[in-house]
Amino acid sequence: MSEQTENKTVETATIPNLRDQVLAALKSVYDPEIPVDIYELGLIYEVNVFPINNVHVLMTLTSPSCPSAESIPGEVEQKIKAIEGVNDVKVEITFDPPYSQDMMSEAAKLELGFM
């Protein structure tokens, strides 16, 4: 299974660990207004893969009034559900702790010119 998202290809079939496949899927989701994936942006707070292959993602958005508040969680759910072997996906949004630019990876900060 291969997914193409903006110049990045995720080969989920070649990644043996389900958690690693989930992380690869998360790294293929972008905020439409920011050229960095949501994982590197620091929007993913927690990823749990349970023994029955149910996946729970706790994430935030850049702000409570984010224009992509409807689309990003849905895309996260869709990309994870597309991974072979995943039974169920729950994406939970939280604003505690509130998002800040300090949550970005160094790579994201470099990409966005913050370093």
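The values are calculated or read from the model by the stated rules, or taken from the named source; none is laboratory data. Remember, predicted model here, so these are calculated numbers, not experimental data. All Cβ positions, even for glycine, are placed from backbone atoms using ideal geometry, and neighbour counts span all protein chains on display.
Is it the case that segment 39-62 has a residue that's touching a Lys or Arg at 6+ places or on another chain (Cβ under 8 Å) and among the acidic types (D, E)?
Yes, segment 39-62 has at least one match.
Looking at (1) closer than 19 Å to D88 by Cα; (2) not in a loop (DSSP other than H, G, I, E, B), which is the one condition that is false for E40?
Condition not satisfied by E40: (1).
Residues in segment 53-73: is at least one touching a Phe, Trp or Tyr at 6+ places or on another chain (Cβ under 8 Å), at pLDDT below 95 and of a type in the set (S, T, Y)?
yes
For the structure I just gave you, tell me whether M104 is touching a residue at least 40 places away in the same chain (Cβ under 8 Å) and crowded, with 17+ Cβ neighbours inside 10 Å.
Criteria met by M104.
Restricting the search to segment 70-115, which residues are basic (K, R) and touching a Ser or Thr at 6+ places or on another chain (Cβ under 9 Å)? Reasoning before the result, please.
Going residue by residue through segment 70-115, those that are basic (K, R) are 79, 81, 90, 109.
The one that is basic (K, R) and touching a Ser or Thr at 6+ places or on another chain (Cβ under 9 Å): K79.
Would segment 24-46 turn up any residue that is of a type in the set (F, W, Y) and over 20 Å from E106 (Cα atoms)?
No - not one qualifying residue is present in segment 24-46.
Scanning for something of a type in the set (D, E, K, R), surrounded by 12 or more Cβ atoms within 10 Å (Cβ to Cβ), touching a helix residue (DSSP H, G or I) at 6+ places or on another chain (Cβ under 6 Å) and not in a strand (DSSP E or B), does segment 77-94 turn up at least one residue?
Yes, because at least one residue in segment 77-94 is of a type in the set (D, E, K, R), surrounded by 12 or more Cβ atoms within 10 Å (Cβ to Cβ), touching a helix residue (DSSP H, G or I) at 6+ places or on another chain (Cβ under 6 Å) and not in a strand (DSSP E or B).
If I filter segment 47-70 down to residues being within 12 Å of the chain's Cα centre (by Cα) and not hydrophobic (A, V, I, L, M, F, W, C), which single residue comes out as surrounded by the fewest Cβ atoms within 10 Å (Cβ to Cβ)?
If we take residues in segment 47-70 being within 12 Å of the chain's Cα centre (by Cα) and not hydrophobic (A, V, I, L, M, F, W, C), then H56 is surrounded by the fewest Cβ atoms within 10 Å (Cβ to Cβ).
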